[in-house]
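Structure, as C-alpha cells:
The values are calculated or read from the model by the stated rules, or taken from the named source; none is laboratory data. Given the structure is predicted, the values throughout are model-derived calculations rather than measurements. Positions of Cβ are generated from backbone atoms using ideal geometry, with glycine treated the same way; all protein chains shown enter the neighbour counts.
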Amino acid sequence: MLALIDLRRRVKSVINTQQITQAMKTVATAKLKKAQRPLMEARPYWHSMPSFLSEVAFWQRRFDHPLLARREEKTIECLIITSDKGLCGAFNSNLLQEAFSFLKEKARSTNVRLILMGKKAEVFFRRHPFPLSRVYSGDVDKFTPEEMRELAQFIIQLYSYSKTDAVYTVYNEFKSILAPRITISKVLPIEWPEKEERNESLMPDWEPEAEPILHTLLPKYVENQIFHSLFESQAAEHAARMMAMENATKNAEELIADLRLILNKIRQASITKELLEIMTAVEALSKK
C-alpha cells in the first residue's frame, strides 16, 4: 500500500513539473516571436555593414583614423555573450567550451582580456586565469541601447589608445529554432577585401569629404556589431529554451505513462492477491 501512495505522489509531482515546463515553453515562444521580428528586419543591414566598411576603408587607405590602424596582435579584447538563466539545453555550455578553446589558442601568443555579458559567462571565467575588463551580469536581456553605446565607446577607446590590438565577439547566432550557430567574429581591425574582391577602378566621389563620413560611420559600425551580437544571442537563447522545455514536457509525459503503467500493475497484483486470499478462505470454510 505504501508503494501505491509513493507512486501516486510521484505521478502528481511529475504532472506539476510538466505544467511548469509547458508554461515556460509558452513564455519562451512568445519572447522568441518578439525578438525574431526586429532581428530579421535588421539582419541584412548588420550583415552587409562589415563588407561595406572594409571596401570603404580600402578606398580611403590614406585616411588616418584610429579605428583603421592595423597592428600586430599582442593584446586582444574578447566580448563573450551568454545568458543569465539556465534551462536552455546546451546553449551556454557549448558556447563557453568553444570560447575557451579559442582563447586558449590565442593566449599562446597574445595577452587576452575579456568583456563578459551574462551570469553563465561570469561564473565560468571566474575559474580561469583571464583578466576581465568588464562584467555585465544580471538582466542582460534588459540591456538598454544607451548601455550598449557606452560599451561600444569603451571598446573604441581601448582600440584607439592602442590598449588592444584586436577585438573579437563570441556569441550564439540564431540560425534556426533547432540549433544556434556559435560565431566568433573579429570586430576590429576592419579587414580589407581580398584581392579578387577589390574594385580599384571604381572609386567613389566623396560628398562632402571622406573624413567626416568615416568619422561617423566607423563608430557606428562598432555599435552595430555589438547590437547585432546581443540581439542574435537573445533570439537564440529563447529558441534554445523553447526547445529544451518542449523536450522536457515530452519526457515528463513519457515518465507519467511509465509510472501509471507500474501503478496499474501493482494495483492489479494487489487485487489479484486479495481475491486469492478470499478464494482460499472460502474453500477452507467449505471443507469444514
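With the checklist (1) without any contact (Cβ under 8 Å) to a residue 24 or more places away in the chain; (2) under 30 Å from THR17 (Cβ atoms) in hand, flag the one item PHE91 doesn't pass.
PHE91 satisfies all of (1) without any contact (Cβ under 8 Å) to a residue 24 or more places away in the chain; (2) under 30 Å from THR17 (Cβ atoms) except (1).
Being among the hydrophobic types (A, V, I, L, M, F, W, C) and touching a Ser or Thr at 6+ places or on another chain (Cβ under 8 Å) is the filter here; which residues of region 240-288 pass it?
First pass over region 240-288, keeping only residues among the hydrophobic types (A, V, I, L, M, F, W, C): 240, 242-245, 248, 252, 255-257, 259, 261-263, 266, 269, 271, 275-276, 278-279, 281-282, 284-285.
Across region 240-288, the qualifying residues are MET242, MET245, ALA248, ALA252.
In region 16-38, which residues are surrounded by fewer than 16 Cβ atoms within 10 Å (Cβ to Cβ) and within 19 Å of SER83 (Cβ to Cβ)?
Passing the criteria: ILE20, ALA23, THR26, VAL27, ALA30, LYS33, LYS34, PRO38.
Take region 86-125 and flag every residue that is farther than 17 Å from VAL170 by Cα and either acidic (Asp, Glu) or surrounded by fewer than 14 Cβ atoms within 10 Å (Cβ to Cβ) (or both).
The answer is GLY86, ARG108, SER109.
Can LEU68 be described as more than 17 Å from the chain's Cα centre (by Cα) and under 30 Å from PRO212 (Cα atoms)?
Answer is yes for this residue.
Given the condition within 21 Å of ALA257 (Cβ to Cβ), of a type in the set (D, E, K, R) and assigned by TED's automatic domain parsing to the domain that holds GLU253, answer yes or no: does some residue in region 24-37 qualify?
no
Return yes or no: is SER83 hydroxyl-bearing (Ser, Thr, Tyr) and farther than 19 Å from GLU232 by Cβ? Can you show your working first?
Values: hydroxyl-bearing (Ser, Thr, Tyr): yes; farther than 19 Å from GLU232 by Cβ: no.
Taking the combined requirement at face value, the residue does not satisfy it.
Scan ALA30, ALA35 and give me the residue that is within 25 Å of THR169 (Cα to Cα), out of contact with any Pro (no Cβ under 6 Å at 6 or more places or on another chain) and either part of a helix (DSSP H, G or I) or at pLDDT 85 or above (or both). Write out each step before concluding.
Details: ALA30 fails: within 25 Å of THR169 (Cα to Cα).
So the residue among ALA30, ALA35 that is within 25 Å of THR169 (Cα to Cα), out of contact with any Pro (no Cβ under 6 Å at 6 or more places or on another chain) and either part of a helix (DSSP H, G or I) or at pLDDT 85 or above (or both) is ALA35.
Pairs needed: first member in region 125-150, of a type in the set (Lys, Arg); second member anywhere, assigned to a strand (DSSP E or B); C-beta distance under 6 Å; at least 6 residues apart or different chains.
Matching pairs, first to second residue: ARG134/ILE115.
Does any residue of region 73-82 turn out to be loosely packed, with under 14 Cβ neighbours inside 10 Å, in the same structural domain as LYS163 (by TED's automatic domain parsing) and not acidic (Asp, Glu)?
yes
Sort through LEU285, LEU263 and tell me the only one that's surrounded by 13 or more Cβ atoms within 10 Å (Cβ to Cβ) and either closer than 30 Å to ILE15 by Cβ or out of contact with any Gly (no Cβ under 9 Å at 6 or more places or on another chain) (or both).
Working: LEU285 fails: surrounded by 13 or more Cβ atoms within 10 Å (Cβ to Cβ).
Exactly one of LEU285, LEU263 is surrounded by 13 or more Cβ atoms within 10 Å (Cβ to Cβ) and either closer than 30 Å to ILE15 by Cβ or out of contact with any Gly (no Cβ under 9 Å at 6 or more places or on another chain) (or both), namely LEU263.
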